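The values are calculated or read from the model by the stated rules, or taken from the named source; none is laboratory data. All of these numbers come straight from a predicted model, not from anything done at the bench. Cβ: placed from backbone, ideal geometry, glycine included. Neighbour counts: every protein chain shown. Ligands, DNA and RNA are stripped out before the accessible areas are found, and what is left, the full protein with its side chains, is counted by its heavy atoms. Shrake-Rupley method; radii C 1.70, N 1.55, O 1.52, S 1.80 Å.
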Amino acid sequence: RDPASSNQDFYFINQSNKDKIRDEFELAQRLQLALKNDDFEIYFQPQVNSVDQSILGAEALLRWFTPDGQISPGEFLTVAEKYNLMNKLDEYVVNKVFEHIHRAKTRRIQLPRIAINISDQLIPLNVIEALMAKHNIQPDDFELEITEKLIAAHDDETNLFLQAFKDRGIHTSIDDFGTGYSSLARLRHLKVNKLKIDKSFIDHIKSSLQDREILLSIIGIGKALKLTVLAEGVETPCQWEFLQRSGCDLIQGFLFSKPVDLPTLLSLLAAGPVHNALETE
Ligand code: C2E
Ligand code: MG
Ligand code: MG
Ligand code: MG
């Protein structure tokens, strides 16, 4: 079924747009097949204590390696959203992450808390609970990341969702914080545990006094609300140093580790605090 055929404006779409629609349609079909065949991998990016660099968590990030090369989340998530595949994808990811946690437990390995990104479709608590039961997962084993955009858009619905998870003892965090125009008033009533400051605020720490001031206020707000504050996309020792001095609790970024496969995460955990360029500068 060509989605464009139902569109009355179809004849006015130029050739390159038509190609794009066809490409997206094809990608959506491949995506559906890949979900069915379990063709995705989960990678894990450590979240480390900004003071002693111990690994306190890891974010699960979806990876799709195909015979024609890797397709990035940026590419396939856009298509998944357009073709209504996000619910399926969320459930797929949660199930797969829980499988990993369960398999580690049977080997007597306790993974750090695994953060799972969920889409703006908000996977219902009963779906999560069924998957928790299936894989014998405890609330402490994982947390859910929702985007700040969602909070700005659907206040009441999101709050009910977050409250339900809180009541069940499941942690939640706000991803890409600072990019989504959520008001302070809303933030104050939100039942979340963690703020993840968006990478765009981290990028210019060295050159921009203004960005440093903004970061200080975001960290201050997080502290006032008794939330754990994490900085995403930390790439340089200078950024890390500033964040550590400013009281940011957790750091996630290429400086410490890129997203890695599970065996690599396990060896990082076994090696203790991550050693990196910090010591050499
Ligand atoms: P996000 O949740 O904000 O994840 C962080 C992204 O930043 C990841 O990109 C990660 O690889 C990248 N990153 C981390 N540290 C650094 C750094 O120091 N430098 C740079 N340049 N990049 C860094 P990725 O894996 O390509 O994912 C992109 C986005 O796709 C994610 O942003 C998230 O919104 C979405 N996503 C990824 N996996 C899933 C998933 O399983 N489910 C859902 N719903 N969304 C996902
Ligand atoms: Mg995330
Ligand atoms: Mg993020
Ligand atoms: Mg981001």
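Beta carbons closer than 8 Å, at least 6 apart along the sequence or on distinct chains, pair a first residue in segment 26-53 that is touching a residue at least 24 places away in the same chain (Cβ under 8 Å) and under 30 Å from Pro237 (Cβ atoms) with a second that is in a helix (DSSP H, G or I) and open to solvent by less than 10 Å² (accessible area, probe 1.4 Å) for Ile42/Val97; Phe44/Leu265; Pro46/Leu265; Ser50/Leu243. For segment 68-77, check the following and say yes or no: at least one residue is on the phi > 0 side of the Ramachandran plot and of a type outside the set (D, E, K, R). Among the residues of segment 68-77, at least one is on the phi > 0 side of the Ramachandran plot and of a type outside the set (D, E, K, R), which makes the answer yes.
Say we look at segment 107-138 and pick out the residues that are over 24 Å from Lys196 (Cα atoms) and within 16 Å of ligand 1 (Cβ to nearest atom); which of these is surrounded by the most Cβ atoms within 10 Å (Cβ to Cβ)? My answer is Leu131. Taking the numbered list (1) open to solvent by 30 Å² or more (accessible area, probe 1.4 Å); (2) at pLDDT 95 or above; (3) touching a Ser or Thr at 6+ places or on another chain (Cβ under 7 Å); (4) away from ligand 2 (no atom under 15 Å from the Cβ) in turn, Leu243 passes all entries but (1). Candidates Ile251, Ile174, Ile170, Ile219: the one that is open to solvent by less than 60 Å² (accessible area, probe 1.4 Å) and over 24 Å from Val97 (Cβ atoms) is Ile219. Under the condition of being of a type outside the set (D, E, K, R) and within 16 Å of ligand 3 (Cβ to nearest atom), the residues counted in segment 100-130 number 6.
Exactly one residue out of Lys206, Lys166, Lys194 is within 23 Å of Lys258 (Cβ to Cβ), basic (Lys, Arg) and within 19 Å of the chain's Cα centre (by Cα): that is Lys194.
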